[in-house]
1. Looking only at chain A, where both bridge partners belong to it, what percent of the DSSP beta bridges are antiparallel (to the nearest 5)?
2. Using a 1.4 Å probe and ignoring any ligands, DNA or RNA, find the accessible area of B:ARG386 and quote it in Å² to the nearest 10.
3. Given Cα pairs under 8 Å that are at least 6 residues apart, what percent is the relative contact order of segment B:201-349?
4. Please turn the phi angles of segment B:43-58 into ³J(HN,Hα) values with the Karplus equation 6.51 cos²θ - 1.76 cosθ + 1.60 (θ = phi - 60°), one per residue in order, whole Hz, x for glycine and proline.
5. In what order, largest first, do A:ARG52, A:ARG112, B:ARG201 sit by accessible area if the probe radius is 1.4 Å?
6. Just grab the label-to-label distance for A:LEU125 and A:GLN165, each label 7 Å out from Cα along the Cβ direction, in nm (one decimal).
7. In the full protein assembly as shown, how much of A:LYS42 is accessible to a 1.4 Å probe, in Å² to the nearest 10?
8. Compute the helix-to-body angle for A:180-193: its Cα long axis versus the longest principal axis of chain A, expressed 0 to 90° and rounded to tens.
Amino acid sequence: MRMLEIRNLHVSVGGKEILRGINLEVARGEVHAIMGPNGSGKSTLGYVLAGRTGYEVTQGEVYFDGENLLEMSVEERACRGVFLAFQYPVEIPGVGNMYFLKAALNAQRKFRGEPEVDAMQFLKLVKKQLKALKMDEVFLQRAVNVGFSGGEKKRNEILHMSVLQPKLALLDETDSGLDIDALQIVSEGVNALRSEDRAMVLVTHYQRLLNYITPDKVHVLAKGRIVHEGGKDLALELEKSGYAGLGIDDTETDRGASHAR
Amino acid sequence: MVADSQTISAVNQEYKYGFVSDIESETAPPGLSEHIIRFISAKKNEPQWLLDWRLKAYRHWLTMVEPTWAAVHYEPVDYQAISYYSAPKQKKEAPKSLDEIDPELLRTYEKLGIPLREQERLSGIAVDAVFDSVSVATTFKGKLAEMGIVFCSFSEAVQHHPDLVRKYLGSVVPHTDNFFAALNSAVFSDGSFCYIPKGVRCPMELSTYFRINTANTGQFERTLIVAEAGSYVSYLEGCTAPMRDENQLHAAVVELIALDDAEIKYSTVQNWYPGDKDGKGGIYNFVTKRGACRGARSKISWTQVETGSAITWKYPSCLLQGENSVGEFYSVAITNNRQQADTGTKMIHIGKNTRSTIISKGISAGFGQNTYRGMVKVLPAAHGARNYTQCDSLLIGDHCGAHTVPYIEVGNVTSKVEHEASTSKIGEDQLFYCAQRGLSMEDSVSLIVNGFCKQVLKELPMEFAVEAQKLLGLSLEGSVG
Ligand SMILES: Nc1ncnc2c1ncn2[C@@H]1O[C@H](COP(=O)(O)OP(=O)(O)OP(=O)(O)O)[C@@H](O)[C@H]1O
Ligand SMILES: [Mg+2]
């Protein structure tokens, strides 16, 4: 069965159509990459899958693990295993990162009818993941994303993912802003989570990420539609000749295009 | 402090202390007169000087008008419709042990989570329980007495330590201070008294638990804490009331005195009944709290978490008299539904090099109105005084309000006063982020609010901090989404 099945998805934000008929299927165990020019709708796709308000689905269907995803609340999606690593992780002043993550894990476990983990168990678990990501323990005590550098925020998203162990992970430009070492560490973290019963969708601008994480498929999104699909080589091709080389109009949006005219 | 590592559970429940106990009590008929004051004084077997003091206060009160400067609105209180004395009937005048206390009363406190039997209590806290107008039990008295610490009901202090009471009563909040303080001085029925001798560090938290039970009664308690030179005490105050459709008046006075190098830490978790969703019922909490840092290097620290009450009118203050003395005020005030709060502090710098810190966190939800009103006054002689004020407001929804009214007067050029203020809303992006990690709307709000209040919550003693966190979640129930 498909983990994620998107059929003819149309999404408007503030009355403006951003996604214009997306079709995408991701099977269990697969890793897909989505590339595309700025403003093409990549983050919008992540938000709508996560259920953010203000992202209005005007047409189409989304199935997650065979169930209608669009009918579920944001937290239900999360508890069922949909994880979004944010392009811009949000700061929550005064709330310790570890405390936050423990509350999240236990909320998810409770939803699934599993016993909650206590402070000791959690500490053990989170420290293991922290070590794998070569993150300092101070990040457990610091307030969620507050004062984190760009790269630290991204790494923290991967920490959240590693602890929450989602079924479907959507990573929105998690590689942007990472230095070379961090990129490798984060990639290892992602690879460690690759498994037969997990699917991942990576949004990225750079083929270098795909040197570390080999995708099963690459999709190119432009102006709210998937305009190209291929294997991992597509990313290399893109890097060489750019979107224009593939015949993709990379003017940001319709509005942008008319402005340029 | 690891309060934030505890689980916050915003349990789905309404005000859970709203029950009424079926306890036979002796209640004075409604109305205020010299006769009633004499009745209260006689009931308590008070010395003549105290009766005279009450009468003086009463006569002064008659000349005063209720203050209207606070940003709160309510129907005028009919002071003749209130009963000024209500006490649970006891087998004897003063119970010698808990066995002589009405079992229903003990059950009431157990239901409130305050078991009075010492062996059932955490050993770190001694409790004085005030039920309606009188103190019903004080725990760990014996153990404290061995160190020379006096911790008892106010009535008992009048009997056994009249000189101390006479010396300090009204010395910080005079009977002429304000309308509600004058009223309290005339009719106060009980409260807690605490005396820490020279150089003694009180080994446990002292705590008073106030409970209003009887309908149509006012609660007018009086707390007096004296910390002799070099002593330390941490004092906690908690309060609840039944759910009733009528408003009930609570007008307390708290006086603190800290001598040389003494430190008093006073914490309140105020959870009086806030009234229902439409603003019906609830407690009018009109309270005067003031501490005098009389001695050099003395310190008084107020921490309050105000979640209950229909109306809160309260300004715990510090008179910084001693050189190098320190005053602190940490406050969280929540107003949800139709609640109104006008609260803050006064820091009066009198001595040289006195320092004060004010951290105020106001949270408004529903149709709640929250005003921070604070005064920082540096007298000309208070050279080198310092104040830092931080005043943050958090809004939840579009129908509530937050207001900040700082008064700053600096009488010399060597002092420095800083004021920072901010107003923010719980962000949609924050709520989405929390929900995306699996947290419910209520847990998310509770988490964000607790984060917002952290600076204040960390000042609370551990046991209270956990309680306060839960309370914040409960108070904001249903305010979002
Ligand atoms: N709330 C909003 N109101 C109006 N327009 C919006 C809103 N959110 C997104 N958009 C528009 O939708 C388009 C797609 O945005 P999106 O963030 O999905 O792009 P993206 O592909 O993730 O771009 P990038 O590579 O720069 O991250 C953009 O033109 C953006 O301006
Ligand atoms: Mg994006």
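1. 60 percent
2. 110 Å²
3. Values: 467 pairs, mean separation 30.4, N = 149.
Value for segment B:201-349: 20 percent.
4. So the J values, rounded to whole Hz, are 3, 9, 6, 7, x, 4, 4, 6, 4, 4, 4, 4, 5, 4, 5, 4.
5. On the way: A:ARG52 35, A:ARG112 100, B:ARG201 155 Å².
Ranked list, largest accessible area first: B:ARG201, A:ARG112, A:ARG52.
6. Between A:LEU125 and A:GLN165, the label points sit 0.7 nm apart.
7. Surface open to solvent at A:LYS42 totals about 10 Å².
8. 80 degrees
The values are calculated or read from the model by the stated rules, or taken from the named source; none is laboratory data. Every value quoted in this text rests on a predicted model; they were computed, and no experiment measured them. Cβ coordinates were reconstructed from backbone atoms using ideal geometry, including for glycine residues, and neighbour counts include every protein chain displayed. The area values use the complete protein model at the heavy-atom level, side chains included, leaving out ligands, DNA and RNA. Shrake-Rupley method; radii C 1.70, N 1.55, O 1.52, S 1.80 Å.
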